[in-house]
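Submitted below is the structure of interest, expressed as structure tokens.
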Amino acid sequence: MFLKRAFNFLIFMSISLFLTACSVSNSQVQVNQKKIYEKEPVTQNLKNEINEILQLIKQNNLALLNSKYIHPINGYYEVTKFEHRNIFEIKNNISNIDNQIDSFEIKIEKVTFNCSPLDDSLYGWDKEGVFLNPQTIPYITKIMEESNLLQANRFKKEEIEKADFIEQTSYEVTIPYSLIFYITKIDNKWYITLIDNVTTDCSE
């Protein structure tokens with residue numbers, strides 16, 4: 001009888017520990033899950049804002065571009081390559097820009113840049129115009145998360161969440177041979193939140 005009770009007790013404890021472990025595991029999954037943000041739909045208002053940005057770039061009016069389209073507190077991320085890896089800086093104003101814009105027609109599609117080191121005829125963009133793409137690359141969150149693996153808590157949770165919000169809710173705007181940027185709606189206003197210098201960098 002004693003052995004039977006002891007055996008039943010061991011079974012009970014094993015099941016309890018298993019259920020507790022499952023509960024902890026499930027709660028950790030929920031904690032570690034990223035929030036899913038809803039992207040603003042493409043509206044005529046968004047196209048008008050992009051068109052105004054294009055006009056300011058064409059006019060080289062950086063003062064108005066910075067005051068109206070760079071967030072006064074958050075600034076914007078600038079992503080570049082450095083020693084074969086992506087890095088970023090947070091900047092508060094655009095100081096220089098290529099104002100070569102040949103078309104103001106905004107197309108909702110993806111455009112591709114080809115490095116093609118073995119064939120110069122294939123080098124460059126595959127289309128002309130201005131392109132609005134709902135798919136963005138999570139440059140900043142990837143850099144932050146990889147950095148935290150090497151140096152614990154280099155970037156705080158709030159910094160990663162802010163970058164994640166921007167990357168999920170932004171649109172990529174590409175002006176071939178001029179600029180690639182993300183545009184994001186923050187507090188009911190559209191801002192340039194990231195400038196991508198990686199896509200056109202053909203360095204290995």
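Let me know the volume per residue of the alpha-carbon convex hull for the range 74-132, in Å³. Write out the running numbers ahead of the final one.
Numbers: hull volume 8.9 nm³, N = 59.
Spelled out: Cα convex hull of the range 74-132, divided by residues, is 151 Å³.
As a test of reading the structure, rank 164, 119 by solvent-accessible area (1.4 Å probe, protein chains only), most first. Can you show the working numbers first?
Working: 164 20, 119 60 Å².
If we order 164, 119 from most to least accessible, we get 119, 164.
Another question, then. Expected output is a single nm value to one decimal: the length gained when fully extending between residue 147 and residue 121, i.e. 0.36 nm times separation in residues minus the C-alpha distance. What is it?
Length gained, residue 147 through residue 121: 5.6 nm.
Kirkwood hydrodynamic radius of the range 29-156 from all distinct Cα pairs, in Å?
On the way: mean 1/r = 0.0556 Å⁻¹.
This gives a value of 18.0 Å.
Per residue of the range 188-204, in order, report the coupling 6.51 cos²θ - 1.76 cosθ + 1.60 (Karplus, θ = phi - 60°) as ³J(HN,Hα) in whole Hz, putting x for Gly and Pro.
Running phi through 6.51 cos²θ - 1.76 cosθ + 1.60 with θ = phi - 60° gives 6, 10, 8, 10, 6, 10, 7, 10, 9, 9, 7, 3, 9, 8, 8, 5, 6 Hz.
For labels at residue 189 and residue 112 in the simple 7 Å Cα→Cβ model, what's the distance in nm?
3.9 nm
Tell me, what does the Kirkwood hydrodynamic radius of the range 106-145 come to in angstroms if you use every pair of distinct C-alpha atoms?
Working: mean 1/r = 0.0813 Å⁻¹.
Value: 12.3 Å, from the Cα pair sum.
Calculate one ³J(HN,Hα) per residue across the range 61-73 by plugging θ = phi - 60° into the Karplus curve 6.51 cos²θ - 1.76 cosθ + 1.60, and present them in order as whole Hz with x for glycine and proline.
8, 5, 4, 6, 4, 5, 6, 9, 10, 10, 4, x, 9
Another one. Using just the Cα positions, wrap the range 116-171 in a convex hull and report its mean projected area in square nanometres, one decimal place. Before the final figure, lay out the partial values.
Values: hull surface 23.9 nm².
That works out to 6.0 nm², a quarter of the Cα hull's surface.
The values are calculated or read from the model by the stated rules, or taken from the named source; none is laboratory data. This structure is a prediction, so every number in the text was calculated from the model and none was measured. Cβ sites come from the backbone with ideal geometry, for glycine too, and all protein chains shown count toward neighbours. Accessible surface areas use protein heavy atoms only, side chains included; no ligands, DNA or RNA. Shrake-Rupley method; radii C 1.70, N 1.55, O 1.52, S 1.80 Å.
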